[in-house]
Every structure is written in structure tokens, then in C-alpha cells.
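Worksheet for the structure shown next.
Taken together, the values in this text are just the output of simple stated rules run on the coordinates, not laboratory data. These figures come from a predicted structure and were not determined experimentally. When we count neighbours, we look across all protein chains shown, and the Cβ atoms used for this are built from the backbone with ideal geometry, even at glycine.
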Amino acid sequence: MTAQQHKRPATGADAASGARDPIGIFRRPSSGRILPFAVYMAFIAVADGLVRLGWTAETLRWVYPVKIVAVVLVLLAYRKSYAELAWHPLSLRRWCSVVAVGGGVLLLWINLDAGWMQIGTSAGFDPTGGTPRMDWLLVACRIAGAALVVPLMEELFWRSFLMRWLEERNFLQVYPARVGLQSLIGTVVLFGFEHNLWLAGIVAGVAYSLLYMRTGNLWTAIIAHAVTNGLLGAWIMVTSSWTYW
């Protein structure tokens, strides 16, 4: 058999076999946006299951850092496929608007907490473990994960992928400004109900989505989200409002 025969294009049965290749699923453009989020949610589901089986919060304190590391590893594995993360410098005016949006979302987040605005109750995370001593390493992991990793992971999934995918299956070809009202509403509602404070989540989803749609730059949504989460972490530490974690 010649070298040319070895390199012939896959057709017919070969093509059908390739379509069923499980490795091919992980090469799809959607995979790099879905898998980091899926890993994050899987850790949450496992932790909830362990709590139901009698595991204590103290025993599960290190699940969050492990979860963040796992998400980072998946993001790194797909780093070359994130064309939407190409950096485009922001003007001073844009920086100010992005930071203002992030701060505004925080103010709404800590005030939209009436009983009917919540789904269930949040156990949160108490870095003192009920003792007078603060576990600063876990605090650092929690704030770094919430402010640096979660915004990147969630904006890649909710805004870059899902919002555009609901508009058109070939989502990479959809310019953010072209996203319709139905796709926007569907995304922000789902994003809201991902959180214990569902109404605050919807408001945050609207804010981040409109930033992305208006600028066409995913970094504006990521930075605003990071500002919200970073300031929320600082506010939690100052007020000891552990349930917001």
C-alpha cells in the first residue's frame, strides 16, 4: 500500500465511523466552552451528594480549591481554541463603565435577598470553621477562584457559547450584537436559576450579556463579573456574611 493510499480522505463508512469517534466530541468548538462549566457543576453535585450522605462541611472544605484547579486544567487544555479571548485594549471610558457595571451588580446582589428571591438556602462557606481562627489559605483560594476563574469559565459558557448557540448552532459565526431577545432572555433566566439568589442572578446575567452584546468583546463581561465577585468576597470578609459564599 502506497503512502498516498494511507493518506486518502475518509469517505463513506470511514466518515461515518469518524463521526462516532468519541474523541471527536472533545474537538468540537462547543466542548471547550461546555466542559469547564460541566466540571464545575459536577463538583457541586458531588459535594451536595456527600453532604446528604452525612459528610460535614469541615470535611469538604478543600473541595472548592480542587474544583477550581480542575476547571483551570480544562481551560488550559482548550486555551488555543478561545478566539474570543484575544485581547483588545479597552479605552479608559470603557474600563470605567465595565467596573461600574460590576460594582452595580454587587450592590444589587447583596440587596436582592428577600425570601421569594431565593431558591432554598445556601450553606455558604465559613473560613473560620466555627472557631476564632481564620483559614486564610482557604480564603485566598475562594476569592481567587471566584474572581479570576469563575468569571472566565462562566462567561465562556453562558455568553460566548450558550447565548450565541441559542441564536444559531454555528455559534462562532454569531456576532454578539446580533443575538435576539429570545436567546438573551433564555440565557439570563438559566444563568439566574444557576444561583441560590435567582433574581440577583438574572439581573447580573442581563448586565453581563448587554456588555458583551454592546462591545462585542467578551473581556468586558469577564472583567465586570470579576469585579462583582472580587468585591463580593471582600464584603463577605468584612461583614462575615458567609452564606453569600
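Tabulated values for the structure
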| quantity | calculated |
| --- | --- |
| Gain on full stretching of the segment that runs from Ile44 to Arg28 - 0.36 nm per residue minus C-alpha separation | 3.3 nm |
| Alpha-carbon centroids, the stretch 101-121 and the stretch 23-84: separation in whole Å | 25 Å |
| Cα pair distances in the stretch 94-190, grouped into 10 Å bins until the bin that holds the longest one, percent each | 12, 27, 38, 17, 5, 1 |
| Local net charge near Thr128, Cβ-Cβ under 14 Å (Lys/Arg +1, Asp/Glu -1) | 0 |
| Label-point separation, Ser122 to Leu90 (7 Å along Cα→Cβ), nm | 2.3 nm |
| Cβ crowding within 10 Å averaged over residues, with 58-66, 162-170 ranked highest first | 162-170, 58-66 |
| Peptide ranges 67-77, 218-228 listed from the most packed, as the mean C-beta count within 10 angstrom indicates | 218-228, 67-77 |
| Gyration tensor (Cα) of the stretch 10-244, equivalent ellipsoid semi-axes in angstrom | 31, 24, 17 |
| The stretch 169-180 - phi-based ³J(HN,Hα) in whole Hz, Karplus 6.51/-1.76/1.60, Gly and Pro as x | 4, 7, 5, 5, 8, 8, 6, x, 5, 8, 5, x |
| Degrees, to the nearest 10: 92-109 long Cα axis against longest axis of the chain | 60 degrees |
| Highest to lowest packing among 36-44, 187-195, scored as the average C-beta count within 10 Å | 187-195, 36-44 |
| Table column - 3J(HN,Hα) (Hz), the stretch 38-51, Karplus curve with 6.51, -1.76, 1.60, x for Gly and Pro | 5, 4, 4, 5, 5, 4, 5, 4, 5, 4, 4, x, 5, 4 |
| Signed unit charges on C-beta, dipole axis of the stretch 67-202, positive-most listed residue Trp116, Gly129, Leu85 | Leu85 |
